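Trainee: Sharing a structure with you now.
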Amino acid sequence: VQLQASGGGLVQPGGSLRLSCTASGRIFSIDNMGWYRQAPGKQRELVADITRGGRTNYVDSVKGRFTISRDNAKYTVSLQMNSLKPEDTAVYYCSAALNYRGYWGQGTQVTVSS
């Protein structure tokens, strides 16, 4: 069982990026999914998460700019990031509760710079 993330990159301030993460392997249970980020010199923080039923939660700094979504049939979670700011620069990690344990995807770099 693993998580594979994609979609990071370099974008100018005010731009948009979409991150995606897909779970694969022998999966019989999938619960909360989410995205975390870690900027240089800072602790990893929760950006957004979403329950199996679609209830979402966001850190205050991204509310109104980021949208998390999931496709339960495809075992995917996505993060649409709009109006990006330099302070959003970080390595982003997806996470998911799969088969009653937590998993992390590999990080994907998001850099917001002019």
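The values are calculated or read from the model by the stated rules, or taken from the named source; none is laboratory data. Here the structure is a predicted model, which is why all the values come from computation and not from measurement. Every residue, glycine as well, gets a Cβ built from its backbone with ideal geometry; the counts of neighbours run over all protein chains shown. Note: accessible area is taken over every heavy atom of the protein model, side chains too, but ligands, DNA and RNA are not part of it. Shrake-Rupley method; radii C 1.70, N 1.55, O 1.52, S 1.80 Å.
Trainee: Hey, which of the strands (runs of 3 or more DSSP E) in region 18-110, taking only ones fully inside, have at least 2 residues that are open to solvent by 10 Å² or more (accessible area, probe 1.4 Å), more than 22 Å from Q4 (Cβ to Cβ) and at pLDDT 95 or above?
Mentor: It comes to 56-58.
Trainee: G105 is checked against (1) under 21 Å from R26 (Cα atoms); (2) without any contact (Cβ under 8 Å) to a residue 60 or more places away in the chain and fails just one. What number does that condition carry?
Mentor: Failing condition for G105: (2).
Trainee: Those residues that are touching a strand residue (DSSP E or B) at 6+ places or on another chain (Cβ under 7 Å) and of a type outside the set (S, T, Y), I need them from region 54-64; list them, please.
Mentor: Residues satisfying the conditions are N57, V59, V62.
Trainee: How many residues are buried (at least 16 other Cβ atoms within 10 Å of the Cβ) and assigned to a strand (DSSP E or B) when one looks only at region 1-17?
Mentor: Residues in region 1-17 being buried (at least 16 other Cβ atoms within 10 Å of the Cβ) and assigned to a strand (DSSP E or B): 4 in total.
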